[in-house]
Every structure is written in C-alpha cells, then in structure tokens.
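The values are calculated or read from the model by the stated rules, or taken from the named source; none is laboratory data. Keep in mind the model is a prediction, meaning the values are calculated, not measured. Using ideal geometry, Cβ is built from the backbone for each residue, glycine included, and neighbour counts are taken over all protein chains shown. Protein only, heavy atoms only, side chains kept; ligands, DNA and RNA dropped before computing areas. Shrake-Rupley method; radii C 1.70, N 1.55, O 1.52, S 1.80 Å.
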Amino acid sequence: MSTATIAKASAKPGKGGRRISLPVVLLIISGVLILTSVVRLITGADGITSTGQMSTALRSAVPIGLAGLGGLWAERAGVVNIGLEGMMILGTWFGAWAGYQWGPWTGVIVGIIGGALGAVLHAIATVTFNVNHIVSGVALNILALGTTRYLSKYTFEEAAQGSSKQSPPIESLGTFDVPGLSSWLETLNQKHWFLVSDIAGLVGGLITDLSPLTVVAVALVPATWYVLWRTSFGLRLRSCGENPIAAESLGVNVYKYKYIAVIISGGFAGLGGAFLSIVSSNVYLDGQTAGRGYIGLAAMIFGNWMPGGLALGAGLFGYTDSLKLRGGTTNVHALILLLAILLVFGVAYLIWKKKYVPAAITAAISALMFLWYTTTNEVPNQVVTASPYVITLLVLSLSAQRLRMPKADGLPYRKGQGK
C-alpha cells in the first residue's frame, strides 16, 4: 500500500482550510511589532517588550504549547481531547512526586507517564467503547483532580516540607543563557530605541534564562510537524482523522493509530504538567494547571490544527499570562491602546470585505477601548488576572471563520462500518 494512495483517500481541505502564506504571516508579525513599538513609546510602558517579560512569556507559553501539541496529535487522528487539563494535572502530580524523591529528570519522565496513563483511559472510552469524546474528557478531568488530591493527602502531607496541597521542594533543572549574545541583546533592549530595542527584547527573551526542558519543548514543535506531515506514519495517522473508513479499506489499523495518537497526546500534556511543577515553580501545588489544558486546546484551534499556528497561539496566551507576574496593571493598560489600534485595522479589513455590520461592531469596540485607555491610568488587578482567558475568547471568536478541523474529528467509528 503506497502513501500516495492513502493521501488521495484523505479528504481535501475545503475553503475554510486555506492557509495564510509565509510572506503574509511575516508581514503581519512585522506590522504588530512596529505597532507595539509605537505603543511603547506613547505609553512609556517599556516592560511590554523587555527581555525579562519575553523570557517569562516563553516560560508561561511552554506548558500551554505542550498541551496544544497533545491536542493536535489526538485530533489529527480523530479524537477530541478535552481531557488535556486532567492529563496535565496528572503530569504535575506524578512529576513532583518522582522529582522530589529521585531528581527532576526522573520527575519529567514520570510526569509524561502520568499524563499517558490518563490518555489510556480516554482512548479506551472513546476509541474502544465509542463514548462521547467531550463526556469522556470532562470525566477524566474530574477524576484526575480528585485522584491527585487524594494521593497528596497520603504522600506529600507525610513528607518533610510538604502538605496535602503542596509537595516538598524539587531540585532545579538549572538555567542557562547564550554566552555573549544574551547580555548584548539585554543591553540593547535597555536603550529603548524604536523597534530595534523591541526586537532585541523579543529575541533576547528567547535565549535568556532558559531551562533545558524549554529547549526540548520548543524542539517538539518542528518534530511534530515533520512526523505528521513528512512521514508515512504521520500520513496514516492523519488519514484516521480525515476519513477512517477509507483508511481502513487501504489496510490502516485505525484503532491502533488512534490509540497511539491519544497516548502521545497524554504524554505531551503530562510533560506540560511536569514543566509546571518542576521548572515553573519547583513544587507541586493544588490547582497548579489553572485551566492551561483548556487554553492549550484553544491555542491548537487558533493555529488551525497546525504546529506553527499552535506555537504562535501559545506564545500569545503565554505572553498575556506572564503579564500578571511583571508590571501587569501598567502593561495591560498599554496593551488596551494596542488592541484598540489593531481593531481599527480590523474595521478597514471588514469594510474591504464588504462586511459592514461586523465592521460597525468592531468600530464600536475599538472606540470603547480608546475611551477606556484615555480615561484611566492603569487597570485593576482582576483584569490582569483575567486577561489570558479574555484573549483566548477574543482570538477564537475572530479566527472562527477560517478554521477547518479534521473531517472525522470527534465522530464515532467502528471497525468494518464501511462494509
């Protein structure tokens, strides 16, 4: 059986599946950078593009991106994985439990296993027994939360420096900078020059105070793209999410590929959870994931079920999540102005597309944003805390028209049903 035959059997993307070309993406990114630099000069909020802000944003983006990669693997095989949050919860607990006893790298491995165990339950329910994917995922999230709280009571509470809601401290994996380049970019960023310092802050944040696990996580994005889009294994897996009946007729073991995809999905989510407990805080805390599994799923949808778009979405959500850690009230106030300006461009685009009603609504929202910015000096802490979730809803609502999920995503499948 040739891979070309399987490719022909998979459904072709429809109109909504058109992807933006790379030059257009680069043009959009350049425009946003220029606007951000202008807003920084107007508001004086130098922190929005500082090296420290970008470094924190990267660290916040990693667990979201790993959860999103987990969702990508599962949904490309046709299984909706709402259970990412529960798998991350298992990853945080198992990673911390093994990490404080046997070292952080052992904790990372056990955290991956913990997430994969949750994925096995989800796969059995959805693939073998055809349970509704949403119901199974929500049930797994509840089960993971209850299980980890129960286990914490009988493990961490009895350990030194631990409690029923917190593990003992975990040894750090350590951090590193790129010698010479990191300090030079930070110096350049502190000069606050137009655009140049902003780019220096962005690049410097990506190579400063890095954890080895961050490097591994970033490398998993192109690795996922290569495996899923450049190998026969990936083609077979994606065919299960597009047209499992056609894939089965060509000899693909659909059940096997769905199981593999969901277990890998859980492993990624578990790794994201282990990152939270081992790298982000060096300790397990009850409620540590704080909905990042759901935000990772949103990042995957924003990225149109593609690794590159997912990485951009994770970066956006990670940036807004990091604002509450570094000068949040001032920085978010500056971003209100940036958002208002971006909405003006959105109005122009909608008018060009002759969508006058959405253009009028967008113009009204933009005007309210300008009014909010001009009548206040900073935003309440509650707004800063809620900003990642607001951005999630806003981005999904704006990108909904161009999305195309795998055609068989979430649909029930039985072996031999095409006969």
With respect to the numbered conditions (1) under 19 Å from residue 267 (Cβ atoms); (2) in contact with a helix residue (DSSP H, G or I) (Cβ under 8 Å, 6 or more places away or on another chain), which one is the sole condition not fulfilled by residue 223? (2)
Among the residues of region 336-353, is there at least one that is in contact with a Lys or Arg (Cβ under 8 Å, 6 or more places away or on another chain), closer than 14 Å to residue 39 by Cα and part of a helix (DSSP H, G or I)? no
Within region 7-28, is there a residue that is open to solvent by 60 Å² or more (accessible area, probe 1.4 Å) and at pLDDT 85 or above? yes
Take the residues in region 275-325 that are free of Cβ contacts under 8 Å to residues at least 60 places away in the same chain and under 16 Å from residue 225 (Cβ atoms), then tell me which one is surrounded by the most Cβ atoms within 10 Å (Cβ to Cβ). 309
Output for Cβ contacts, cut-off 9 Å, separation at least six or different chains, first residue small (Gly, Ala, Ser) in region 383-395, second modelled with pLDDT under 80 and open to solvent by 50 Å² or more (accessible area, probe 1.4 Å), reads 387/324
Residues located in region 366-382, provided they are assigned to a helix (DSSP H, G or I), modelled with pLDDT of 90 or more and open to solvent by 70 Å² or more (accessible area, probe 1.4 Å): 368, 370, 371, 372, 374
If you take the residues of region 265-314 that are part of a loop (DSSP other than H, G, I, E, B) and in contact with a strand residue (DSSP E or B) (Cβ under 9 Å, 6 or more places away or on another chain), which of them is nearest to residue 150 (Cα to Cα)? 286
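Return a yes/no flag: does region 384-402 have any residue that is at pLDDT 90 or above and open to solvent by less than 40 Å² (accessible area, probe 1.4 Å).
As a first pass, look at region 384-402 and keep what is at pLDDT 90 or above: none.
So far as region 384-402 goes, no, none of its residues is at pLDDT 90 or above and open to solvent by less than 40 Å² (accessible area, probe 1.4 Å).
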List every residue pair whose Cβ atoms lie under 7 Å apart, where the two residues are 6 or more positions apart in sequence or sit on different chains, the first residue falls within region 365-379 and is under 17 Å from residue 348 (Cα atoms), and the second residue, located anywhere, is of a type outside the set (A, V, I, L, M, F, W, C) and modelled with pLDDT of 90 or more. none
In region 183-197, which residues are among the hydroxyl-bearing types (Ser, Thr, Tyr) and touching a residue at least 60 places away in the same chain (Cβ under 8 Å)? 197
The listed residue being in a helix (DSSP H, G or I) and open to solvent by less than 10 Å² (accessible area, probe 1.4 Å), out of 31, 52, 47, 91: 91
Cβ pairs under 7 Å, 6+ apart, first in region 152-175 and farther than 16 Å from residue 99 by Cβ, second open to solvent by 80 Å² or more (accessible area, probe 1.4 Å): 163/157; 164/153; 164/157
Any idea how many residues of region 254-274 are among the small types (Gly, Ala, Ser) and open to solvent by 20 Å² or more (accessible area, probe 1.4 Å)? 0
Test result for residue 127, touching a residue at least 60 places away in the same chain (Cβ under 8 Å) and either part of a helix (DSSP H, G or I) or touching a helix residue (DSSP H, G or I) at 6+ places or on another chain (Cβ under 7 Å) (or both): yes
Index of the failed condition, residue 156 passing every other in (1) under 26 Å from the mean Cα position of the chain (by Cα); (2) of a type in the set (Phe, Trp, Tyr); (3) open to solvent by less than 50 Å² (accessible area, probe 1.4 Å): (1)
